[in-house]
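K.L.:
Structure in structure tokens, see below.
The values are calculated or read from the model by the stated rules, or taken from the named source; none is laboratory data. From a predicted model like this one, the values you see are computed outputs, not experimental measurements. Backbone-built Cβ (ideal geometry, glycine too); neighbour counts: all protein chains shown.
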Amino acid sequence: MIEFAREVGLISVYEGTDTEPVRFAVPEIYRLALNMRRKGQA
């Protein structure tokens, strides 16, 4: 499922490598639609 999400642009690797990701970046438009919040942000 993660590979598909990366393929369609839902997420991208933010930290780590393509083969061993540590953190992912999610575009703002998807975070708003999914009611996701940023951790550590005011």
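K.L.:
Considering only the range 1-23, state which residues are of a type outside the set (Lys, Arg) and either touching a Gly at 6+ places or on another chain (Cβ under 9 Å) or in a helix (DSSP H, G or I) (or both).
P.N.:
Hits for the range 1-23 are 2, 3, 4, 5, 7, 8, 22.
K.L.:
Shifting gears a bit: Being surrounded by 11 or more Cβ atoms within 10 Å (Cβ to Cβ) and either modelled with pLDDT of 90 or more or of a type outside the set (Phe, Trp, Tyr) (or both): is that true of residue 26 here?
P.N.:
Against the criterion (surrounded by 11 or more Cβ atoms within 10 Å (Cβ to Cβ) and either modelled with pLDDT of 90 or more or of a type outside the set (Phe, Trp, Tyr) (or both)), residue 26 qualifies.
K.L.:
To continue, here is another question. Does residue 31 fit the bill of being assigned to a loop (DSSP other than H, G, I, E, B) and either touching a strand residue (DSSP E or B) at 6+ places or on another chain (Cβ under 7 Å) or without any contact (Cβ under 8 Å) to a residue 60 or more places away in the chain (or both)? Steps first, please.
P.N.:
Numbers: assigned to a loop (DSSP other than H, G, I, E, B): no; either touching a strand residue (DSSP E or B) at 6+ places or on another chain (Cβ under 7 Å) or without any contact (Cβ under 8 Å) to a residue 60 or more places away in the chain (or both): yes.
It is false that residue 31 is assigned to a loop (DSSP other than H, G, I, E, B) and either touching a strand residue (DSSP E or B) at 6+ places or on another chain (Cβ under 7 Å) or without any contact (Cβ under 8 Å) to a residue 60 or more places away in the chain (or both).
K.L.:
Scan the range 1-16 and report the pairs whose first residue is of a type in the set (Asp, Glu) and whose second residue is loosely packed, with under 11 Cβ neighbours inside 10 Å and modelled with pLDDT under 95, with Cβ atoms within less than 6 Å and a gap of 6+ or a chain change.
P.N.:
15/22; 15/23
K.L.:
Please go through the range 8-25 and give me each residue that is touching a helix residue (DSSP H, G or I) at 6+ places or on another chain (Cβ under 9 Å), closer than 18 Å to residue 38 by Cα and not hydroxyl-bearing (Ser, Thr, Tyr), ordered by number.
P.N.:
10, 11, 13, 24
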